[in-house]
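The structure under discussion appears below in the form of structure tokens.
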Amino acid sequence: MSIQLSTEQLANLLRELCKLPKETEWIEFKLNNDDPQMIGEYISALANSAALLGKQSAYVVWGVADADHALHGTDFKPSTARHKQQELENWLLQKITPKIHFQFLEFSVEELGASICDSGNSSR
């Protein structure tokens, strides 16, 4: 099941997430970190935390500073990222266990790039 959101809806979601006073167990902010292993670990951990907290989704948000949630933009483009000669998303889908539904959503806000990984609850 993939989420179909307009750029305006994604920008509004981004603004709402940035209004939070700090990262939570279900939201992580990154600037340009593109380490596939780390991304997989975050997806898994955040999805598990979201499930425990009764949240429908968890988010890794690229292009936002950790300390003050300021929008900086990112060079990380999940749609073109590759790992071990595979598209990053396909590699993650194969490696994350238990299987977790997630998707990368790329968009621009105020001329800056942003990416959100929306991961649903794991099936543990």
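We did not get these values from a lab; they are worked out from the coordinates using the rules stated. Remember, predicted model here, so these are calculated numbers, not experimental data. A quick note on method: Cβ atoms are made from the backbone with ideal geometry, for glycine too, and the neighbour counts reach across all protein chains shown.
Glu110 - would you say it is surrounded by fewer than 19 Cβ atoms within 10 Å (Cβ to Cβ) and on the phi > 0 side of the Ramachandran plot?
On the way: surrounded by fewer than 19 Cβ atoms within 10 Å (Cβ to Cβ): yes; on the phi > 0 side of the Ramachandran plot: yes.
In short, yes.
Go through Gln56, Gln85, Gln103, Gln37 for me and flag whichever is at positive phi and surrounded by fewer than 18 Cβ atoms within 10 Å (Cβ to Cβ). Walk me through it before giving the result.
Numbers: Gln56 fails: at positive phi; Gln103 fails: at positive phi; Gln37 fails: at positive phi.
Result of the check over Gln56, Gln85, Gln103, Gln37: Gln85.
Would you mind finding the one in Leu46, Leu13 that is farther than 20 Å from Lys95 by Cα and not in a loop (DSSP other than H, G, I, E, B)? Full working, then the answer.
Numbers: Leu46 fails: farther than 20 Å from Lys95 by Cα.
The match here is Leu13.
Which one is surrounded by the fewest Cβ atoms within 10 Å (Cβ to Cβ), of the residues in the stretch 59-82 that are in a strand (DSSP E or B) and hydrophobic (A, V, I, L, M, F, W, C)? First the steps, then the outcome.
Within the stretch 59-82, the subset in a strand (DSSP E or B) is 59-62, 64, 71, 82.
Imposing the further condition that a residue be hydrophobic (A, V, I, L, M, F, W, C) reduces the set to 60-62, 64, 71.
On the way: Val60: 23, Val61: 24, Trp62: 26, Val64: 24, Leu71: 18.
By that ranking, first place goes to Leu71.
Considering the stretch 16-43 alone, what residues qualify as being under 12 Å from the mean Cα position of the chain (by Cα), in a strand (DSSP E or B) and farther than 20 Å from Thr80 by Cβ?
Ile27, Glu28, Phe29
Which one is nearest to Asn32 (Cα to Cα), of the residues in the stretch 83-101 that are part of a loop (DSSP other than H, G, I, E, B) and among the hydrophobic types (A, V, I, L, M, F, W, C)?
Filtering the stretch 83-101 down to residues part of a loop (DSSP other than H, G, I, E, B) leaves 84-85, 96-101.
Those left that are additionally among the hydrophobic types (A, V, I, L, M, F, W, C): 96, 100.
Working: Ile96: 21, Ile100: 23 Å.
Among those residues, the one meeting the criterion is Ile96.
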